[in-house]
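Participant: Let me give you the structure first, and then I'll get to my questions.
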Amino acid sequence: MTENRHIQQVISSRATIEGAGVHLRRAIGFGPAERYDPFLLLDDFRSDHPEEYVKGFPWHPHRGIETITYVLRGDVEHQDSLGNRGVIGPGDVQWMTAGSGIIHQEMPKGDARGAMHGFQLWANLPAADKMMDPRYRGLTSAEIPEVQQPNGVKVKVIAGTVGGVTGPVRDVVTAPEYLDVTVPAGATFSHPAARGHTAFAYVIGGRGVFCRESDPFSYEAEGAGYFDMERDPLLGDGHLVLFGDGDVVTVGAQQESVRFLLVSGKPIGEPVAWYGPIVMNTQEELRAAFAELDNGTFLKAGGAGR
């Protein structure tokens, strides 16, 4: 029997500063790393004020993870130790497998109006793949299919499958599903989510009802601050909805449309040793990685780019 997923927890993204002074909102990255396994971090770097993002993320290392960057407005210039360089523009996606080690930089530039809107998701790598060769792939907006359902729901399929259409990001190790969904007013979106997989939605516009849940006190809620007491069955921009287990996710829009990122993936179920941009399985591996950074032996392979 098909079981609808219910809301397990709702979290308001929190303001933080990263890189050389980039103001962003973090939706995943607080609390135990196992909560969203295999996902480690989700950063929302939407801003209309260049002073909040132009200092960017200068050269820094990564090991043991994959990053998926999705841009809605503005441009992000990037280059890395594999020799890749380019620009992630509106609607584009960049995924990077750090594997055994990569050093890169990401510098947001914004559009003509000063807007820079995008998101970065970190997916953990299993122990067996932590030290794989690094690799990189960039996808333009034109390469990402959009499915329109009869009720007006629009889905950009970055990874995963909707209505027989499969997205172009297919070889991320943890095989996540990553959808950009817009539900118009009065419509409902239902989508299968593999049982046992971690699944969450992050609202990026409008407001909607998730899992047909009308009682905001039936699930755990965590505000952006201690005195954030808002409880509303309509969940809006900046809220992350973590779903309990089941087979189907359902989201409805009432008087206004709702837009959200829907992400799911199979948990790895391994210990996590994490410090900054490096994620390993043990503290010993973590110490070794930082020792290699100090002595110049961090980079292990040339990797590949596409």
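The values are calculated or read from the model by the stated rules, or taken from the named source; none is laboratory data. Computed from a prediction, not measured in an experiment: that's the story for all the values here. Note that we place each Cβ from the backbone using ideal geometry, even for glycine, and neighbour counts take in every protein chain shown. Surface accessibility is based on the protein's heavy atoms, side chains included, excluding ligands, DNA and RNA. Shrake-Rupley method; radii C 1.70, N 1.55, O 1.52, S 1.80 Å.
Participant: For GLU222 and LYS300, calculate 0.36 nm times their separation in residues minus their Cα-Cα distance, and state this gained length in nm to one decimal.
Facilitator: Full extension from GLU222 to LYS300 adds 24.0 nm.
Participant: Could you work out [θ]222 nm for the chain from helices alone, using -39500 (n - 2.57) per DSSP H run of at least four and dividing by all its residues? Round to the nearest 500 deg cm²/dmol.
Facilitator: Mean residue ellipticity, 222 nm, calculated: -1500 deg cm²/dmol.
Participant: What residues of the stretch 271-303 lie in the reach of a label at ALA127, counting those whose backbone N is under 15 Å from a point 7 Å from the Cα along Cα→Cβ?
Facilitator: Inside the label zone: 271-274, 280-286.
Participant: Per the 1.4 Å probe, what fraction of the accessible area of the chain, in percent, lies on carbon and sulfur atoms? Mind showing how you got there, number by number?
Facilitator: Numbers: 6710 of 13240 Å².
About 51 percent, which is the carbon plus sulfur part of the accessible surface.
Participant: How big is the dipole moment of the stretch 200-287 about its Cα centre under a simple scheme where the beta carbon of each Lys and Arg is +1, that of each Asp and Glu is -1, and everything else is neutral? Debye, nearest 20, please.
Facilitator: 240 debye
Participant: With a 1.4 Å probe and all protein chains left in place, how much accessible area per residue does the chain have, in Å²?
Facilitator: Result: 43 Å² per residue.
Participant: Relative contact order for the stretch 249-292 using alpha-carbon pairs under 8 Å, separation at least 6, rounded to a whole percent?
Facilitator: About 20 percent, as a whole number.
Participant: Note the angle between two axes, namely the Cα long axis of helix 283-295 and the longest principal axis of the Cα atoms of the chain, as a number of degrees from 0 to 90, rounded to the nearest 10.
Facilitator: 50 degrees
Participant: Something else about it: Of the options ILE102, ILE278, THR198, report the single residue whose Cα projects farthest towards the positive end of the charge dipole of the chain (beta-carbon charges: Lys, Arg +1; Asp, Glu -1).
Facilitator: Result: ILE102, furthest along the dipole toward the positive end.
Participant: At a Förster radius of 41 Å, what calculated FRET efficiency corresponds to the Cβ-Cβ distance of ASN4 and GLU143, to the nearest 0.05?
Facilitator: 0.80
Participant: How far is the Cα center of the stretch 123-177 from the Cα center of the stretch 44-109, in Å?
Facilitator: Cα centroid to Cα centroid, the span is 17 Å.
Participant: A further question follows. Out of PHE30, PHE210, PHE39, any idea which swings most in a Gaussian network model of the chain, alpha carbons joined below 10 Å?
Facilitator: PHE30
Participant: Under the 0.36 nm per residue contour assumption, what length would be gained going from the current alpha-carbon distance of GLU18 and HIS60 to full extension?
Facilitator: Extra length from GLU18 to HIS60 when fully extended: 13.9 nm.
Participant: While we're here: Could you tell me how far the Cα centroid of the stretch 267-293 sits from the Cα centroid of the stretch 17-31, in Å?
Facilitator: Measuring centre to centre over Cα atoms gives 20 Å.
Participant: Whose amide H sits under 5 Å from the amide H of ASN281, counting only residues 5 or more places off or on another chain, with H placed in the peptide plane?
Facilitator: Result for ASN281 returns ALA273.
Participant: With springs connecting C-alpha atoms under 10 Å apart, model the chain as a Gaussian network and identify which of ALA123, ALA194, ALA291 has the largest mean-square fluctuation.
Facilitator: In the Gaussian network model the winner is ALA291.
Participant: Run the 1.4 Å probe and let me know the accessible area of PHE45, rounded to the nearest 10 Å².
Facilitator: 20 Å²
Participant: While we're here: Compute the relative contact order of the chain as a whole-number percentage, counting only Cα pairs closer than 8 Å that sit 6 or more residues apart in sequence.
Facilitator: 24 percent
Participant: Of the residues GLY236, GLY101, GLY223, which exhibits the maximal mean-square fluctuation in a Gaussian network model of the chain defined by a 10 Å Cα contact cut-off?
Facilitator: Among GLY236, GLY101, GLY223, the largest mean-square fluctuation in the Gaussian network model of the chain belongs to GLY223.
Participant: Label the stretch 50-169 by shape, choosing from rounded, prolate and oblate, from the square roots a ≥ b ≥ c of the eigenvalues of the Cα gyration tensor; if a/c is under 1.5 it is rounded, and otherwise prolate applies when a/b is larger than b/c, oblate when it is not.
Facilitator: It is oblate, given that a/c is not under 1.5 and a/b is not larger than b/c.
Participant: Give, rounded to the nearest 20 debye, the magnitude of the charge dipole that the chain has about its Cα centre when Lys and Arg contribute +1 at Cβ and Asp and Glu contribute -1 at Cβ.
Facilitator: About 480 debye.
Participant: Taking the Cα centre of the chain as the origin and placing charges on Cβ (Lys, Arg +1; Asp, Glu -1), which of SER12, THR161, PHE217 is farthest toward the positive end of the dipole?
Facilitator: THR161
Participant: For labels at ARG113 and THR166 in the simple 7 Å Cα→Cβ model, what's the distance in nm?
Facilitator: 3.8 nm
Participant: Restricting to Cα pairs below 8 Å that are 6+ residues apart, what does the relative contact order work out to for the stretch 189-292? Please round to a whole percent. Walk me through the numbers on the way to the answer.
Facilitator: Numbers: 167 pairs, mean separation 41.1, N = 104.
After rounding, I find 40 percent.
Participant: Further question on the same structure: When averaged across all projection directions, what area in nm² does the alpha-carbon convex hull of the stretch 146-212 cover?
Facilitator: In nm², the orientation-averaged hull projection of the stretch 146-212 is 5.1.
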